[in-house]
Amino acid sequence: MGHIMFVQVCLYFYCKCLWRCLKFVVRKLTGRCELQRICYNIKPGASRTMKIETSLRGSKNKLLQTSVSVHPDAIEKTIDDIMELKKINPDINPQLGVSLQACLLQIVGYRNLVAEVEKLRREPYDSENPQHEEMLLKLWKCLKPDCPLEARISKQWCEIGFQGDDPKTDFRGMGLLGLYNLLYFAEWDAAVAQQVLSDSLQPKHSYSFAIVGINITDLAYNLLVSGALKTHFYNVAPEAPTLSHFQQTFCYLMHEFHKFWIEEDPLDIMEFNRVREKFHKRILKQLQNPDMALCPHFAASESLINM
């Protein structure tokens, strides 16, 4: 066992050394560093940004390694430092700085988005917080505009897919993030949200709308934290991906899961985990395509300027 591990370690360092030698030779032959080759040879979007990110993270230089985690306000200076380090004249190569800046904005923005989403997920719903209560009541109004809520604690909440008479208990798993997403869906994609809610109440394909929404929030959260959503966000966000991008992605996933649920034609709600896992695998497979932009109303080629 120890011998095998020793061989693996030796092979790792051999490959790493070989890769560095190869990069050195290519730079001498082309007159361009790896960052230049990526920016000049690969179109803007996920393909370029992910290769830039891999190159920076894998660098032996501390400046390049830490550039992916700088504060957004420090990105411009970081680009200048990289250009100086690589001995690249910005007057001769003006487009390189622009391209690198666009990539770093996406990379740093994604990292900050993960932190923002995590903060919302960790914040519990508090019925004593007026803002939380206001959001919850607004969710009802958006989904049931013609049916007033008779009381804050009410069995009516089951009509939009909560489990009991007080929704606060259902937000325990995903915290405020679940409420943020459900409200965004109900408010900004109202027609689709109300149609999905209506369909979810039909006996043949019934499920609890709100509970499934919180579950799909968990799915979206895991896609984000695992890095799987980088493909999508790097293709749709010309600069830093924001919470709105995440919420729009949730709306897409919610609608797509609803259609997928009907297509799968499950016997009952007990098949939910099977259908969810199958849906999850399908989304992951789509995100393996470097040109993938999940939401059809986002056009990567139109959103990203030719950097």
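The values are calculated or read from the model by the stated rules, or taken from the named source; none is laboratory data. What you see is a predicted model, and the numbers here were worked out from it, not measured in a lab. Virtual Cβ from ideal backbone geometry, glycine too; neighbours counted across all protein chains shown. Remember, those area values only see protein heavy atoms, side chains included, never the ligands or the DNA or RNA. Shrake-Rupley method; radii C 1.70, N 1.55, O 1.52, S 1.80 Å.
Here T169 meets each of (1) assigned to a helix (DSSP H, G or I); (2) within 24 Å of F260 (Cα to Cα) with one exception, condition (2).
Name the pairs: first residue in the range 123-151 and assigned to a loop (DSSP other than H, G, I, E, B), second residue open to solvent by 30 Å² or more (accessible area, probe 1.4 Å) and polar (S, T, N, Q), Cβ to Cβ under 9 Å, at least 6 apart or on different chains? Here the result reads Y125/T169; K144/Q194; P145/Q194, each pair linking the range 123-151 to a residue that is open to solvent by 30 Å² or more (accessible area, probe 1.4 Å) and polar (S, T, N, Q).
Can you confirm whether L182 is more than 25 Å from E263 (Cα to Cα), of a type in the set (A, V, I, L, M) and out of contact with any Ser or Thr (no Cβ under 7 Å at 6 or more places or on another chain)? For L182, the condition - more than 25 Å from E263 (Cα to Cα), of a type in the set (A, V, I, L, M) and out of contact with any Ser or Thr (no Cβ under 7 Å at 6 or more places or on another chain) - is not met. Each residue in the range 75-97 was checked for being buried (at least 16 other Cβ atoms within 10 Å of the Cβ) and out of contact with any Gly (no Cβ under 8 Å at 6 or more places or on another chain), and 8 pass. Checking each residue in the range 84-100 for being part of a helix (DSSP H, G or I) and closer than 16 Å to T66 by Cβ picks out E84, L85, L100.
Is it the case that S99 is out of contact with any Leu (no Cβ under 7 Å at 6 or more places or on another chain), within 30 Å of S206 (Cα to Cα) and among the hydroxyl-bearing types (S, T, Y)? Criteria not met by S99.
Among the conditions (1) closer than 30 Å to K60 by Cα; (2) open to solvent by 20 Å² or more (accessible area, probe 1.4 Å), E159 misses just one, which is (1).
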